[in-house]
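Engineer: Got a structure here, written out as structure tokens. Questions coming.
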Amino acid sequence: MPRYFIDLHDGANLIRDRDGFDLPDLAAARAKAVRLLTRVAQGLTDPVQRQDYVIAVRDEEGAVRLRLRLSYDVETG
């Protein structure tokens, strides 16, 4: 079973996945990344003007296979 690594960048800090996940294919890795990014979104409580998050899914060779982006943007009027 392939191993995928899911890294998170919050615009200032990079959290590299050093352990990875054994997942059957890239579609399963994408679903796992979406669940992780959903947890990030659920935890947003600080009233920042804008915050961007990027998850990169790497394969066993270190190649980035896909990226997911989440932008948190507050506009007041």
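Engineer: Looking at the range 2-11, is at least one residue hydroxyl-bearing (Ser, Thr, Tyr) and at pLDDT 95 or above?
Structural biologist: yes
Engineer: Same structure, new question: So is Arg65 in a strand (DSSP E or B), in contact with a Leu (Cβ under 7 Å, 6 or more places away or on another chain), open to solvent by 100 Å² or more (accessible area, probe 1.4 Å) and at pLDDT 95 or above or not?
Structural biologist: Yes; evaluated as a whole, the condition is true for this residue.
Engineer: Looking at the structure I just gave you, is Leu44 outside any strand (DSSP E or B) and either open to solvent by less than 70 Å² (accessible area, probe 1.4 Å) or of a type in the set (A, V, I, L, M, F, W, C) (or both)?
Structural biologist: It is true that Leu44 is outside any strand (DSSP E or B) and either open to solvent by less than 70 Å² (accessible area, probe 1.4 Å) or of a type in the set (A, V, I, L, M, F, W, C) (or both).
Engineer: Look through the range 1-25, keep the residues that are in contact with a Lys or Arg (Cβ under 6 Å, 6 or more places away or on another chain) and closer than 14 Å to Arg67 by Cα, and return whichever of them is surrounded by the most Cβ atoms within 10 Å (Cβ to Cβ).
Structural biologist: Filtering first and then ranking leaves Phe5.
Engineer: Right, something else. Tally time: how many residues in the range 52-65 are in contact with a Lys or Arg (Cβ under 6 Å, 6 or more places away or on another chain) and in contact (Cβ under 8 Å) with a residue 12 or more places away in the chain? Full working, then the answer.
Structural biologist: Step one: list which residues in the range 52-65 are in contact with a Lys or Arg (Cβ under 6 Å, 6 or more places away or on another chain), which gives 54, 56-57, 59-60, 64.
Retained after the next criterion (residues that are in contact (Cβ under 8 Å) with a residue 12 or more places away in the chain): 54, 56-57, 59-60.
The qualifying residues number 5.
A quick yes/no check of all residues on (1) under 14 Å from the mean Cα position of the chain (by Cα); (2) without any contact (Cβ under 8 Å) to a residue 40 or more places away in the chain:
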residue	(1), (2)
Phe5	yes, no
Leu14	yes, yes
Asp19	no, yes
Leu23	no, yes
Ala31	yes, yes
Leu36	yes, yes
Arg39	yes, yes
Arg50	no, yes
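The values are calculated or read from the model by the stated rules, or taken from the named source; none is laboratory data. Values in this document were obtained by computation on a predicted structure and should not be read as measured data. Because the Cβ atoms are built from the backbone with ideal geometry, glycine has one as well, and the counts that use them run over all protein chains shown. For the accessible areas, the whole protein counts, side chains as well, though only heavy atoms, and no ligand, DNA or RNA atoms are used. Shrake-Rupley method; radii C 1.70, N 1.55, O 1.52, S 1.80 Å.
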